[in-house]
Amino acid sequence: FGGGRWYVPALLVSLLACPAIVCFSPGYGRKYPVIFIVGLCVLGGYAGIIFNLSKTHLTWHSHTSLLALPIICAGYLFRHYKLYEKHIFRWYIAVPCFVFFYYFIIIKVYRIELSAEMIGSKYLFYPISLAGIYFIFYIASLIGKVPVLKNVFAFIGQHSFDIMAMHFLVIKAIDVIYGQLTNQLPSTIPVF
């Protein structure tokens, strides 16, 4: 299970780092601490890119945690300013986001896979990530209008951690079955 849940310590570190930055920022609770919070999170993200590109590994994948800081900060600001309730998701923004995302991920094949420490491009990691997030939120706003779909996706979301944790076991079980059916040596299972 450890291999399939490599992200748990990294997620925990970034989910603790961002609130710590918010709580200990000068001017916390005042009107304009946002510049300081965003600045520190962006610096953390920049450090994450440097660590990632230089193949510097920190304990608990903390270099990946740093990469996530600006995205978690964006989520904090999104929730803090109640942007979901303000209906900022529009098709005329979602379509260019999708085209941008599609162009770099599918056509240019920029791979973003944090478990393998691939970020695609140091300049495009955050724009691609934010375009993808915006498009997903737009699709979620459409799904939210259909009660049955909303309930199905809410159920999946509530169990997403379990799904993520169990996918590794299921994939390995399929590998073992396939290996038995095709007379593979047990030593080949880890390389599937």
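The values are calculated or read from the model by the stated rules, or taken from the named source; none is laboratory data. Note that the structure is predicted; figures quoted are calculated from it, not measured. Positions of Cβ are backbone-derived with ideal geometry, glycine not excepted, and every protein chain shown enters the neighbour counts. Just the protein is used for accessible areas: all its heavy atoms, side chains included, with ligands, DNA and RNA removed. Shrake-Rupley method; radii C 1.70, N 1.55, O 1.52, S 1.80 Å.
Brief remarks follow.
- Accessible area per residue (1.4 Å probe, heavy atoms of protein chains only) ranks ARG5, ARG111 as ARG111, ARG5, with the largest value leading.
- Judged by a Cβ-Cβ distance under 4.7 Å, the unpaired cysteines of the chain are CYS18, CYS23, CYS97.
- Label reach from VAL42 (point 7 Å along Cα→C-beta): in the stretch 122-159, amide nitrogens under 14 Å belong to 126-127.
- Using heavy atoms of the protein chains and a probe of 1.4 Å, the accessible area assigned to LEU53 is about 90 Å².
- Tensor-based shape of the stretch 118-174 (alpha-carbon gyration tensor, a/c under 1.5 rounded, otherwise prolate or oblate): oblate
- Solvent-accessible area of LEU15, all protein chains in place: 90 Å² (probe radius 1.4 Å, heavy atoms, ligands and nucleic acids excluded).
- Candidates PRO127, PRO147, PRO19: whichever shows maximal mean-square fluctuation once the chain is modelled as a Gaussian network with Cα springs under 10 Å: PRO147
- Counting only lysines at least 8 places from LYS86 when in the same chain, those with an alpha carbon closer than 27 Å to its own are LYS31, LYS145, LYS150.
- Of all lysines in the structure, those lying under 18 Å Cα to Cα from LYS108, and not within fewer than 8 positions of it along the same chain, are LYS122.
- Heavy-atom accessible surface of the stretch 62-177: percent carbon and sulfur, 1.4 Å: 74 percent
- Rounded if a/c under 1.5, otherwise prolate or oblate - the stretch 30-117, Cα gyration tensor axes: oblate
- Proximal lysines to LYS172, defined as alpha-carbon separation beneath 29 angstrom and excluding residues fewer than eight positions away on the same chain: LYS55
- Taking all protein chains as they are arranged and a probe of 1.4 Å, the heavy atoms of VAL42 leave approximately 80 Å² accessible to solvent.
- GNM top mover of VAL146, VAL38, VAL22 - the chain, alpha-carbon springs below 10 Å: VAL146
- Å² of accessible area per residue within the stretch 1-147, as computed with a 1.4 Å probe and no ligands counted: 63 Å²
- Residue separation of LEU169 and VAL148 scaled by 0.36 nm, minus their Cα-Cα distance, works out to 4.6 nm of gained length.
- Highest-MSF residue in the chain out of GLY120, GLY157, GLY45 [GNM, Cα springs under 10 Å]: GLY157
- Length gained on full extension, GLU113 to ALA140, computed as 0.36 nm times the residue gap minus the Cα-Cα distance: 7.4 nm.
- Cα gyration tensor shape of the stretch 42-192, rounded if a/c is under 1.5, else prolate or oblate by comparing a/b with b/c: oblate
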